[in-house]
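Single-structure report; data block below.
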Amino acid sequence: MSNAGRQPSILVVEDNPVDIDLVRRAFERRTLSNPLTVARDGVEALEFLDRWERGELAPPAVILLDIELPKVDGLEVLRRIRAHERFRRIPVVMLTSSSEDRDIATAYDCGANSYIVKPLGFAKFLDVAEQVKLYWCLLNHPPV
C-alpha cells in the first residue's frame, strides 16, 4: 500500500467518543490536511506498531495519547512505543484530562514529547488543534 504524496496521519488514542468527536471537529475546523486515525484502547494502539512494521500503514506524524485507556493504559503504550527500535522517535503528545504532577512527571520520564491537559470547551480545543497543526504537522522535522 503506497502512501506517496499523502500527508502522514495523526494517531489519536482516546476511548471517550465525545473527546474523539471533539478532536475530529477541532481539526476539521482548523483545516488540518493530515488524516486522523483513531485507536479506542491501549491494545488497539499497540496493534498499530505491527501494522506500521508490516507496511500496511505509514507511521503517523504525531500520536495524541490519553493516559486513562481501557486494556492497556496510555503510559504503558508510551513505554512500548519508546522501546520499539523503528518507531521510538514518533512524537507523542499526551492529551489527557489528568493534571496530576505524578502523571505529568511519569509521562515525561517515559519519553513524552509534550503534555497537554484537555481543555474545557470547544473554543479552547480549537486552540490546541491549531498548535498541533502548526508545530507537529508543519514546523517539526522528525528524524528520518
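Within the range 126-136, the set of residues being over 19 Å from Ile67 (Cβ atoms) and either loosely packed, with under 14 Cβ neighbours inside 10 Å or of a type outside the set (Ser, Thr, Tyr) (or both) comprises Leu126, Asp127, Ala129, Glu130, Gln131, Lys133, Leu134.
Taking Ile116, is it hydrophobic (A, V, I, L, M, F, W, C), closer than 16 Å to Val12 by Cβ and open to solvent by 40 Å² or more (accessible area, probe 1.4 Å)?
When the stated conditions are applied, Ile116 passes them.
With respect to the stated conditions, Ala123 is modelled with pLDDT under 95, under 28 Å from Arg29 (Cα atoms) and open to solvent by 50 Å² or more (accessible area, probe 1.4 Å). It is to be established whether one or more residues within the range 111-120 are more than 15 Å from the chain's Cα centre (by Cα) and in a helix (DSSP H, G or I). No: zero hits.
The values are calculated or read from the model by the stated rules, or taken from the named source; none is laboratory data. Fair warning: this is a prediction, and the values are worked out from it, not measured in the lab. Virtual Cβ from ideal backbone geometry, glycine too; neighbours counted across all protein chains shown. Just the protein is used for accessible areas: all its heavy atoms, side chains included, with ligands, DNA and RNA removed. Shrake-Rupley method; radii C 1.70, N 1.55, O 1.52, S 1.80 Å.
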